Structure formats: C-alpha cells, structure tokens
Amino acid sequence: MEYLGENLLHGIECSMDKFTSTEVELAQYIIKHPDETSQLTSSQIAKKIHISPATITRFCQKLSFSGFNEFKHELKRYVDLRDKPSTTTTIKQMDYFAQLYQNHLDIIENTFRKVTYPDIQQAVSLLTHASKIHVYGIGNSGVAAQEFKSKFFRIGLNVETITDPHQAVMDAALSTHQSVVIGISVTGRTKEVIRAISIAKEQGASILVFTGEKESELSQLADLTLLAMNKSNMHMGQNISPSLPLFLLFDLIYTELIAKDYKNRIHFREKTLKALYDNY
C-alpha cells in the first residue's frame, strides 16, 4: 500500500460513496477518534461500535489495504505525523522517511546477500568476451536497459540497447554465438523480452538475465541469472524506483570489470568523457 500520511483521513472522507451504511459508521468513528482507533484491535473496535470484524476487513480492503493490520499501521503513521513537532529538521525523524531509508538498506543488504562473487565474475567474463552485447527491456526495465548501455559503453564495451519489442526480436535473430544478450524483467514474465531472449538463445548467444524471480520463465532461459530484490512486499515499495535494485547490480559488475582491467577501462572512460566535454 502506498504511503498516505497526512492524507489518510481525507482519503477516507473521499471514499464515503464506496461504503455501506455500516462501513460509513466505522469511517465516521475513525475520523473522530484516530488516536484511539490506532491503539485498538479490530475485535475491540467491532465490539465498541457494534459491527462485525468482517465489516472492518472489507472497509480496509476498499481503501486498498490488505486488512486491518496494514490500515492500523498507516493510521498510526498519520497520528505520529500529526503530533510531530513542525521544527523537525532531520529527515530520518519523519516516520515515513525512516521507513523508506530502511527499505533502501534492505534492498542493499538483500542484493549483497543473494549475489555471489563468482556470479559477478561470470557476468564480467561474459561481457568482456562478447563481440557485441544486446540489452532488451520494456517499460521501467527499458529505463534500466538504457542505463546499462550508458554505463558500460563509456568504458569500452560494444553495447546496444533495444526497448522496442519488434526491434528486439529482429535484433535477436541477428545475434550469434559471439553475442551476449541481456534480458531485463523484474517479474521475469515480460512476454516481449522472453520472446526475444528465446530467439537469441536459438542463435547460440550467451544469455544474461536480470530479474526478481529466480524460477521465472525468463530465468530458465539464462546461462546466468542475477537476482534483483522484488520490492513488491515492502510497505512503501511503490515509492522506490523499480530500477534501484537493478542499478545496484550494474554497479557491482561495473566495479569488478574496472578492477580486472583498470588501466584500459579508465582510459576508455576518460576518452569518452573528454569527447563529451569537448562538445560543450
């Protein structure tokens, strides 16, 4: 559920037309007594205003919460935010920013725990021995694919990124056993990417996949899969860029690649940067 903060009660008021008469009674109680509601269980509230616990669950789900516990957690945030002194200056003193900070730490920790050093070494080996690197991604994964090209092209790798599904399948048909083809899909279910990767695999290309789902159809096609943390189960996951876990994986590979061939990679990076700056 996306963080609502100080808009929570306003959101309830704006949703009144979705509620039954019993749910309206519950909504009015919450609006009048947010502090008390945030401290009670669903059974206590049900008994207090003479409604069923099932009504409370349905009410929360109509507001897009999984149930009362998630709603109560959000309501507690609202109460804390309302009571927080306006002089707060440290960003982590704000409850929702503190949760966001923790989520970022969890992504970093999860990535470093799941990805092994041999995985990174194998990825670097694939990239450095490829005559050409083809990167496919659609939507948000397309944004990550573009970042991959921007990052690795500058240090001398022959990278081509394609975010159009029709161009991807045509490009895949022209790949060879000397190509490395990269598929990016956090869900691992993006049909356009799966189709292009399947074609490339038939051409004998080496397949590197970035995904959040180890057992996905896309992952099954890979010679090497690097797992990006799936943040969908995070309370504030919707507030985090979907590309963040992917960018972290790119940074790990990039760092190892430079470490393995520092002099040449730095030379390429300085050369490309100089060309860029010379034009401005």
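General observations
- DSSP bridge pairs, the chain: antiparallel proportion in percent, nearest 5: 0
- Accessible area of the chain belonging to carbon and sulfur atoms, whole % at 1.4 Å probe: 51
- Lys/Arg +1, Asp/Glu -1 at C-beta; the range 137-228 dipole; positive extreme among Leu227, Gln178, Thr190: Leu227
- Cross-link pairs Lys151/Lys263; Lys114/Lys271; Lys72/Lys114 - those with Cα-Cα distance over 27 Å: Lys114/Lys271; Lys72/Lys114
- Note that the range 141-259 presents 43 Å² accessible area per residue, ligands and nucleic acids not counted, probe 1.4 Å.
- For Ser21, the shell of other residues with beta-carbons less than 15 Å away shows a net charge of 0, using +1 for Lys and Arg and -1 for Asp and Glu.
- Magnitude of the charge dipole, the range 31-174, Cβ model with Lys/Arg +1 and Asp/Glu -1, debye to 20: 460
- Computed about its Cα centre, the charge dipole of the chain is approximately 360 debye, with only Lys, Arg, Asp and Glu carrying charge at their Cβ.
- Computed over the range 141-280: relative contact order in percent, which uses C-alpha pairs under 8 Å that are six or more apart: 23
- Top positive-direction residue, dipole computed over the chain with Cβ charges, set Leu26, Phe247, Ala123: Ala123
- Global geometry of the range 117-226, whether rounded, prolate or oblate, following the gyration tensor of its Cα atoms and the 1.5 cut on a/c: rounded
- Note on the chain: helix-only mean residue ellipticity at 222 nm, from DSSP H runs of 4+ residues weighted -39500 (n - 2.57) and normalised by residue number, equals -18000 deg cm²/dmol.
- The Cα center of the range 150-189 and the Cα center of the range 238-266 differ in position by 17 Å.
The values are calculated or read from the model by the stated rules, or taken from the named source; none is laboratory data. This structure is a prediction, so every number in the text was calculated from the model and none was measured. All Cβ positions, even for glycine, are placed from backbone atoms using ideal geometry, and neighbour counts span all protein chains on display. Note: areas computed on protein heavy atoms with side chains; ligands, DNA, RNA excluded. Shrake-Rupley method; radii C 1.70, N 1.55, O 1.52, S 1.80 Å.
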